[in-house]
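None of the figures in this text is laboratory data; all of them are computed from the coordinates on show. What you are looking at is a predicted structure, and each value in this text was computed from that prediction instead of being measured. No Cβ is skipped: glycine too gets one built from the backbone with ideal geometry, and neighbour counts run over all protein chains shown.
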Amino acid sequence: PPVDGNGIHLPRDLPPLRILFLYPDFLNVYGDRGNLTALVQRARWRGLPTTVTEASVGTPVDATHFDLVLVAGGQDRAQQAVAEDFRRSKGPSLIEAVEAGCPVLAICGGYQLMGHFYRTAEGTEMKGLGLFDAWTEAGGRRMIGNVAVRAELGDARPLLVGFENHSGRTTLGARARPLGRVLYGYGNNGSDGTEGARYRNAIGTYLHGSLLPKNPTLADWLLQAAVDRRYGQGIRLPPLDDTVEHQAREAMLRKLLGPPLL
Ligand code: GLN
């Protein structure tokens, strides 16, 4: 069996990490499903089994029974189709799970619905979960392009790369903390330099990509939080050889930022 980051053999018959992917039929743009693939594969490489449950509008699901939750991005119309179900049906147990340490990755449209509200350019307002003290209003100009972000994940401060395309401008309230600082691109609103939000182990971000295959440090941060939740503290994920992933990431960062910032 694989040896964990403490040099201890992982127990053989660990129960699977339970991953929940919400609204895959509505929220899934720019290859956001690749985040799920990356998590499952990075767990498998460590000999950790996973189960994946997909749940959409009308399917009741208790998020407290999961160890990691994904909500991806989508266009305004797709967000409208899921917003009520998200807030009323999935929201309460998702909030409970986050309060108990469950990691969540919410991208773009999904991120917007984790704040207080999202108001579209037509003035339609969708209420969100209020898990992040943040709100989003559509502006005239879409924010499109590659992004580089200095994230703050406890001791780790990885440089993340991704791709954004949104008209929503997100403002963080006093109780919210950003995922990181924009070094290239727009991030939350194109003006205050913040990108994304983090509350406990829940992360909201505008970065598509797919994000996690490109940013293994973030993928493992989420996976480690899932491992802690499932098996209790003490099992450290064994490191993987991410040479190729880091080369790809660094090539992109060099293009966006130039050599001195790297
Ligand atoms: N509809 C939202 C916006 O344009 C989110 C778009 C997305 O998820 N890419 O702001």
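Go through the range 1-98 and name the chymotrypsin sites (Phe, Trp or Tyr not before Pro) that are in a DSSP coil and have 14 or fewer other Cβ atoms within 10 Å of their Cβ. When the chymotrypsin sites (Phe, Trp or Tyr not before Pro) of the range 1-98 are filtered for loop state and at most 14 Cβ neighbours within 10 Å, Trp45 remain. The range 156-204 and the range 121-145 have Cα centres separated by 13 Å. Based on the inverse mean of 1/r over its pairs of different Cα atoms, what is the Kirkwood hydrodynamic radius of the range 174-236, in Å? Hydrodynamic radius (Kirkwood, Cα only) of the range 174-236 equals 13.1 Å. Using only the alpha-carbon atoms of the range 1-89 as identical scatterers, what base-10 log of I(q)/I(0) does the Debye formula give at q = 0.16, 0.26 Å⁻¹? Those come out to -0.70, -1.31, one per q.
The chain: longest stretch without exposed trypsin sites (Lys or Arg not before Pro) (DSSP loop, at most 16 other Cβ within 10 Å), sites themselves excluded? My reading of the result: 13-174 is the longest stretch.
Around Ala219, under 11 Å between beta carbons, what's the net of Lys plus Arg minus Asp minus Glu among the other residues? After counting each charged neighbour, the total is -1.
How charged is the neighbourhood of Gln247? Take every other residue with its Cβ under 15 Å from the Cβ of Gln247, and add Lys/Arg as +1 and Asp/Glu as -1. Summing Lys and Arg as +1 and Asp and Glu as -1 gives 0. Split the chain at each of the GluC sites (Glu not before Pro) in a DSSP loop with at most 15 other beta carbon atoms within 10 Å, and the longest piece is 1-121.
Between Glu250 and Arg150, the modelled labels are 1.9 nm apart [label points 7 Å from Cα along Cα→Cβ].
Couplings 3J(HN,Hα) for the range 71-77, derived from phi with the Karplus relation 6.51 cos²θ - 1.76 cosθ + 1.60 (θ = phi - 60°), are 10, 9, x, x, 6, 3, 5 Hz, where x marks Gly and Pro. Subtracting the Cα-Cα distance of His9 and Thr124 from their residue separation scaled by 0.36 nm leaves 36.1 nm. For Ala134, the residues whose modelled amide H falls within less than 5 Å of its own, excluding neighbours fewer than 5 places apart on the same chain, are His116, Gly173. Mind pulling up the Rg/Rh value for the chain? Radius of gyration and Kirkwood radius, both on Cα. Taking Rh as the inverse mean 1/r over Cα pairs, Rg/Rh reads 0.96.
Across the range 1-50, Cα-Cα distances exceeding 12 Å account for 68% of all pairs.
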